[in-house]
Number of protein chains: 2
Amino acid sequence: MAKPIDAYLDPVDFYFDFSSPYGYFAAAKIDEIAARHARTVNWRPILLGAVFKVTGQQPLPTIPLKGGYSKHDIERSARFFGVPLRVPSKFPIGSTAPCRAFYSIVDRDPQLAVRLAQALYTAYFAEDRDISTTEVTLDVAEKLGIPRNGLSHALNEPALKDRLRSEVDDAVVRGVFGSPYFIVDGEPFWGSDRLDQVERWMATGGW
Amino acid sequence: MAKPIDAYLDPVDFYFDFSSPYGYFAAAKIDEIAARHARTVNWRPILLGAVFKVTGQQPLPTIPLKGGYSKHDIERSARFFGVPLRVPSKFPIGSTAPCRAFYSIVDRDPQLAVRLAQALYTAYFAEDRDISTTEVTLDVAEKLGIPRNGLSHALNEPALKDRLRSEVDDAVVRGVFGSPYFIVDGEPFWGSDRLDQVERWMATGGW
């Protein structure tokens, strides 16, 4: 029996930071875009702060002029993409707890991990809930049926901490320096404003 | 007699640096996009180096990881936009001479000034000619019928130097921090990857 066509196509790697609004926009779109081209998406949350130590970048809101514009651009882009946004009162945030929660699940149940990532993004960017706290991360996970006590214990396990560190290290080795960041058949794309190129790359195989 | 519709619409302000590849892509597209919505474009070359002194930014190629990616993104985006590109052997360059040449002409003949800007961009990004030198700027201008001696003298006039300084100062006051940068009816957009939003803003009046 012939394999279905998507068995021949590698998944799209999708790197993002839970504190990144442009990552949030991309998260709302990438699965649908990939599906149009018979692709799945390999979601990979990372800690951009650790990446910025390598690249020497500063978080956007701290840069003169650019910071004010970026807030405006984020609100306007949310409306442009048709994605709900309530500007978080705390921004940026550390996202160690959400990342660890994701990696505690992803090997066992990748689809549930993606649903958790989407729910965490919605909690932070549409409901202004501070997902940097373990409590809120556990609340969001619990709503998806993930046992609270089990996850709470898992978040402090050394193996999970190591897993997150090695995911971030791997991302830096692959050249990831921002969020969102996509790799399609080895081709890197940075930014939610490259989704048009990401889609054309999948459709055409490159240009 | 009724005025033509474009008499009621303000021009789009288009800020760019002659050393900016994304400005070059935008320069190839913005007049056509604006014309679809009965708009003209107010071309405004600036010196991004002077702007970066305010914002503390570094030129893209100097940032670890991001620099390598940006070179790749520039070449790929040129093909995506269908714009000829030969990566300049000297990059970035100072663009005082091209900017002054532009402002020496724009009040008297704005259309010629735009054609000069386009020719200078083509010389730099498609033909790898170093337009930072007065000689090459004069060569490009001469091809458009601009008298070489007259322009050569003009480039050193204090009034023209002041003009460029005040254009850059005005741009910073308006919040311009990158290239390309567009202002449509007071609404700011940064980057060639915002051309889709620029166009939708002109089409809809905002969202």
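The values are calculated or read from the model by the stated rules, or taken from the named source; none is laboratory data. Nothing here was measured: the structure is a model prediction, and the numbers come from that model. Ideal geometry is used to build each Cβ from the backbone, glycine not excepted, and the neighbour counts take in all protein chains shown. Just the protein is used for accessible areas: all its heavy atoms, side chains included, with ligands, DNA and RNA removed. Shrake-Rupley method; radii C 1.70, N 1.55, O 1.52, S 1.80 Å.
With unit charges on the beta carbon (Lys/Arg positive, Asp/Glu negative), name the residue among B:Ala119, B:Phe182, B:Val83 whose Cα is farthest towards the positive pole of the charge dipole of chain B.
B:Val83
Between chain B and chain A, with a rotation axis joining them, whose C-beta in B is nearest that axis, and what is the whole-Å distance?
Residue and rounded Å distance to the axis: B:Asp193, 2.
Using the alpha carbon gyration tensor of chain B, what are the three equivalent-ellipsoid semi-axes (square root of 5 times each eigenvalue), largest first, in whole Å?
Each semi-axis is √(5λ); the values are 25, 23, 17 Å.
With θ taken as phi - 60° and the coefficients 6.51, -1.76 and 1.60, list the Karplus ³J(HN,Hα) couplings across segment B:168-176 in order, rounded to whole Hz; mark glycine and proline as x.
So the J values, rounded to whole Hz, are 5, 4, 4, 4, 4, 4, 7, x, 5.
Using just the helices of the protein assembly as shown, give the 222 nm mean residue ellipticity in deg cm²/dmol: DSSP H runs with n ≥ 4 each add -39,500 (n - 2.57), and the total is spread over all residues, rounded to 500. Walk me through the numbers before you get to the answer.
Working: 18 runs with 217 residues, N = 414.
One gets -16500 deg cm²/dmol as the mean residue ellipticity at 222 nm.
Hey, for A:Gln111 with labels 7 Å out along Cα-Cβ, what do the inter-copy distances come to in nm, ordered shortest first?
For A:Gln111, the inter-copy label distances come out at 6.2 nm.
Excluding B:Gly94 itself, what net charge comes from residues whose Cβ is under 11 Å from its Cβ, given Lys and Arg +1 and Asp and Glu -1?
Overall, the nearby charge balance is -1.
Using θ = phi - 60° and the Karplus relation 6.51 cos²θ - 1.76 cosθ + 1.60, list the HN-Hα couplings for segment A:106-122 in order, rounded to whole Hz, with x at every Gly or Pro.
For segment A:106-122, the Karplus-derived couplings read 4, 5, 6, 8, x, 5, 5, 4, 5, 4, 5, 4, 5, 5, 5, 4, 4 Hz, x marking Gly and Pro.
Give the lysines reachable from A:Lys53 as a straight Cα distance under 21 Å; neighbours fewer than 8 places away on the same chain don't count.
Excluding near neighbours in sequence, the set is A:Lys66, A:Lys161, B:Lys66.
Determine the gain in length on full extension of the stretch B:Arg79-B:Asp169; use 0.36 nm per residue of separation and subtract their C-alpha separation, reporting nm with one decimal. Walk me through the numbers on the way to the answer.
Working: separation 90, 0.36 × 90 = 32.40 nm, distance 3.39 nm.
Between B:Arg79 and B:Asp169, full extension yields 29.0 nm more.
Only Cα pairs within less than 10 Å get springs; with that Gaussian network setup on chain B, which residue of B:Pro45, B:Pro98, B:Pro158 has the largest fluctuation?
Maximum fluctuation in the GNM of chain B, among the listed residues, is at B:Pro158.
What accessible surface, in Å², does a 1.4 Å probe find on A:Lys90, ignoring ligands, DNA and RNA and rounding to the nearest 10?
Probe radius 1.4 Å; accessible area of A:Lys90 about 110 Å².
Under 5 Å between amide hydrogens, which residues at least 5 positions from A:Asp128 or on another chain qualify, with H placed 1.01 Å from N in the peptide plane?
Excluding prolines and chain starts, which carry no amide H, the hits are A:Arg86.
Testing the spin-label approximation: label points 7 Å from Cα along Cα→Cβ at B:Lys161 and B:Asp185. State their distance in nm.
Here the answer is 4.2 nm between the modelled labels.
Sorted from shortest, what are the nm distances separating the label point of B:Arg79 from equivalent points in the other copies, each placed 7 Å from Cα along Cα to C-beta?
B:Arg79 label point versus its equivalents elsewhere: 3.7 nm.
At R0 = 35 Å, how high is the FRET efficiency between A:Val54 and B:Ala203 if r is their beta carbon distance? Nearest 0.05 is fine.
Once rounded, the FRET efficiency stands at 0.30.
Search the structure for amide H atoms under 5 Å from the amide H of A:Asn42, placed 1.01 Å from N in the peptide plane, and list their residues when 5 or more places away or on another chain.
Under 5 Å from the amide H of A:Asn42: A:Val12, A:Asp13, A:Phe14.
Any idea what the dipole of chain B comes to, in debye rounded to 20, about its Cα centre with Lys/Arg Cβ at +1 and Asp/Glu Cβ at -1?
300
Can you list the distances in nanometres, one decimal and ascending, from the A:Gly175 label point to the identical position in each other copy, with the point 7 Å along Cα to Cβ?
The projected label point of A:Gly175 is separated from its counterparts by 3.4 nm.
Can you give the local net charge around A:Gly145? Use residues other than it whose beta-carbon is closer than 15 angstrom to its beta-carbon, Lys and Arg +1, Asp and Glu -1.
Value of the local net charge: +1.
Charges only on Cβ, +1 for Lys and Arg, -1 for Asp and Glu: so what's the dipole of segment A:26-133 about the Cα centre, in debye to the nearest 20?
Numbers: 15 positive and 9 negative charges, 38 e Å.
Result for segment A:26-133 is approximately 180 debye, rounded to the nearest 20.
How big is the charge dipole of segment B:143-207 about its Cα centre, in debye rounded to the nearest 20, if each Lys and Arg gets +1 on its Cβ and each Asp and Glu gets -1 on its Cβ?
340
So, in Å, what gap is there between the alpha-carbon centers of segment A:66-110 and segment B:7-39?
Distance between centres, Cα-based: 31 Å.
At R0 = 45 Å, how high is the FRET efficiency between B:Ala126 and A:Glu142 if r is their beta carbon distance? Nearest 0.05 is fine. Display every interim value, and only then the final one.
Values: r = 58 Å, r/R0 = 1.29.
In this case the efficiency is close to 0.20.
Which whole-Hz couplings ³J(HN,Hα) result when phi for each residue of segment B:192-205 is put into the Karplus expression 6.51 cos²θ - 1.76 cosθ + 1.60, θ = phi - 60°, listed in order with x for Gly and Pro?
My calculation for segment B:192-205 gives 5, 7, 9, 4, 5, 6, 4, 5, 5, 4, 5, 6, 10, x Hz in order.
How high is the relative contact order of chain B, in percent, counting Cα pairs under 8 Å that sit 6 or more residues apart?
Answer for chain B is 29 percent.
Please name whichever of B:His37, A:Phe18, A:Thr134 sits farthest to the positive end of the charge dipole of the protein assembly as shown, dipole taken about the Cα centre and charges placed at Cβ: Lys and Arg +1, Asp and Glu -1.
Ranked along the dipole, the leading option is A:Thr134.
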